[in-house]
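Notes follow the structure.
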Amino acid sequence: MAVETKNTYALLIGVGDYQKLNILNLPTYSMDLMLIGSALMSGLKLPRDHIRILAGEENKGYVTRKDMARALAGFKDLMKKDSSFIFYFSGHGRDRNLTFSDGDLALQSLVDYMDTLASKNKILILDCCYSGNFTTAGSKRLHFGDAIADFAGHGIAVLASSSADQVSRLGPRANHSLFTGALSTAMVHNKKIRKGRLSLPDINEEMQRLVRAWNQNNPGKEQHPVFRSSMGGTIYFQVEDYQPYQQRELSYETANYRIVNVEPLSSPKIKRLCAFAIPKGAGDLKDLPVFTREIADRIKNEEIYSDPASQARFAGTPAQAVWCYFGHDESDMVNHLYYAYTIWTADDDLRQCYFKPDKNALVVEDIYLWENKSYDTLKKMHKPRQSREDFIK
């Protein structure tokens, strides 16, 4: 399902002050919040006023559990059944809990509250040590993977920075966390955008790639982020405007045959075309090589492509290979049933590549001709009102 950014909201929490608990402060929370907030806006196109950042009074990183609860409550009236909610936490993690400035919070209590929100999708992004394992209500030894199984049907996905027994490390400059740096980069710079959309698994895959590169260069300091989802399918963020590519259509008629359509068949390196033809009269096999050469000469310079990339790559160049598929009537075209196909190529190297030896094929004056020996049988199977006895026969 595609996520409408106008219906997506985010709460970003950065905890850095842990003096009350007598544990190490985390000054990197501020940069983490800046990175993830910027990525949500510039990468996933969330409106600025849909993002709330919680970093304590005067942004000094002192955030309590009550602060978080109040912030979550502030989103409750905004949520609709078609909305999505992103929860991000940067701070300490211990004993399978998120650690705030005043103490710990079990993941299950957070999830239980988020389930009261009307939004159909919830995404939890947890950047803290041991984030792959949490204590949940009713079981102090419950593994993180088991806990996620309990969320089935609730539409929750979790991106955790590290496995159950790993700490979360700082990035290369030590001014932000490794995980948040990789994740924010994956949101903004991702080559897997398709039709203007970017999926949550694609974001995770790119983030994982970046962290793997870190692991290879930093032996002994490895980190393994965790991705779990109970969503039925996945979600897509509409990150770019998308206009479907309008493929040019071509059909024409001669005294001997009719070209129903011409389709692009290009590979990354070779411009190729495919023509669908209905010969007039009997459509004898002996005539097809001549028809094929005529068709190739006619269409090889046509600018027909499947996408903008192919058009940019091959514009102004002739096709190097043309396939021709021959049927006897319109029903053959509809049913993709052809009694023969042929191949024309521009040179001998391509003939070596495409002219495969086959008992039903032969080469006539540099045209490859393949006959469908099962055509008549398949044609009968497509006839309407065929009796059971005829079908079996």
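The values are calculated or read from the model by the stated rules, or taken from the named source; none is laboratory data. In this text the structure is predicted, and so the values were computed from the model without any measurement. Every residue, glycine as well, gets a Cβ built from its backbone with ideal geometry; the counts of neighbours run over all protein chains shown. Protein only, heavy atoms only, side chains kept; ligands, DNA and RNA dropped before computing areas. Shrake-Rupley method; radii C 1.70, N 1.55, O 1.52, S 1.80 Å.
Of note:
- Scan the range 35-63 for residues that are in a loop (DSSP other than H, G, I, E, B) and surrounded by fewer than 16 Cβ atoms within 10 Å (Cβ to Cβ) and the total you get is 2.
- Among the residues of this structure, Asp32 counts as one that is crowded, with 22+ Cβ neighbours inside 10 Å and of a type in the set (Asp, Glu).
- Note on the range 81-100: residues that are small (Gly, Ala, Ser) and not in a strand (DSSP E or B) amount to 2.
- Screening Thr116 against (1) open to solvent by 50 Å² or more (accessible area, probe 1.4 Å); (2) touching a helix residue (DSSP H, G or I) at 6+ places or on another chain (Cβ under 6 Å) leaves a single unmet condition, (2).
- Taken together, Leu78, Leu24 contain a single residue that is over 26 Å from Leu117 (Cα atoms), open to solvent by 60 Å² or more (accessible area, probe 1.4 Å) and part of a loop (DSSP other than H, G, I, E, B), which is Leu24.
- For the criterion of being modelled with pLDDT of 90 or more, part of a loop (DSSP other than H, G, I, E, B) and open to solvent by less than 30 Å² (accessible area, probe 1.4 Å), Leu12 fails.
- Yes/no for Ser184 being in contact (Cβ under 8 Å) with a residue 60 or more places away in the chain, in contact with a His (Cβ under 7 Å, 6 or more places away or on another chain), over 26 Å from Gly327 (Cβ atoms) and open to solvent by less than 60 Å² (accessible area, probe 1.4 Å): no
- Scan of the range 255-283 for residues that are under 20 Å from Glu365 (Cβ atoms) and either touching a Pro at 6+ places or on another chain (Cβ under 6 Å) or modelled with pLDDT under 95 (or both), ordered by number: Tyr257, Gly283
- For first residues located in the range 166-177 and more than 17 Å from Asn25 (Cα to Cα), partners that are at pLDDT 85 or above and crowded, with 19+ Cβ neighbours inside 10 Å and lie 6+ apart or on another chain with Cβ distances below 6 Å form the pairs Gln166/Gln223.
- Taking the criterion of being open to solvent by 30 Å² or more (accessible area, probe 1.4 Å) and either closer than 18 Å to Thr345 by Cβ or modelled with pLDDT of 95 or more (or both), the residues of the range 285-310 that qualify are Leu285, Lys286, Asp287, Val290, Arg293, Glu294, Asp297, Arg298, Lys300, Asn301, Glu302, Glu303.
- Residue, surrounded by the most Cβ atoms within 10 Å (Cβ to Cβ), within the range 119-146, restricted to residues that are modelled with pLDDT under 80 and of a type in the set (Val, Ile, Thr): Thr136
- First in the range 240-267 and within 30 Å of Leu40 (Cα to Cα) and in contact (Cβ under 8 Å) with a residue 24 or more places away in the chain, second anywhere and surrounded by 14 or more Cβ atoms within 10 Å (Cβ to Cβ) and of a type in the set (A, V, I, L, M, F, W, C), Cβ under 7 Å, 6 or more apart: Glu240/Ile193
- Residues within the range 321-344 that are over 16 Å from Glu263 (Cβ atoms) and within 35 Å of the chain's Cα centre (by Cα), tallied: 2
- Listed conditions (1) charged (D, E, K, R); (2) modelled with pLDDT of 95 or more; (3) surrounded by fewer than 16 Cβ atoms within 10 Å (Cβ to Cβ) are all met by Arg212, apart from (2).
- Selection status of Arg209, of a type in the set (Lys, Arg) and in a helix (DSSP H, G or I): yes
- Whichever residue in the range 249-274 is within 17 Å of Leu337 (Cα to Cα) and of a type in the set (Val, Ile, Thr) and, among such residues, is most open to solvent (accessible area, probe 1.4 Å): Val260
- Test: Ala277 is farther than 18 Å from Phe355 by Cα, open to solvent by less than 50 Å² (accessible area, probe 1.4 Å), outside any loop (DSSP other than H, G, I, E, B) and not β-branched (Val, Ile, Thr): yes
- One residue stands out among those in the range 319-358 that are under 25 Å from Ile270 (Cβ atoms) and in a helix (DSSP H, G or I): the one that is most open to solvent (accessible area, probe 1.4 Å), which is Gln352.
- Pairs linking a residue in the range 85-96 that is under 20 Å from Gly61 (Cβ atoms) to a residue that is among the hydrophobic types (A, V, I, L, M, F, W, C) and open to solvent by 10 Å² or more (accessible area, probe 1.4 Å), with Cβ atoms under 6 Å and 6 or more positions apart or on different chains, are Gly93/Cys129.
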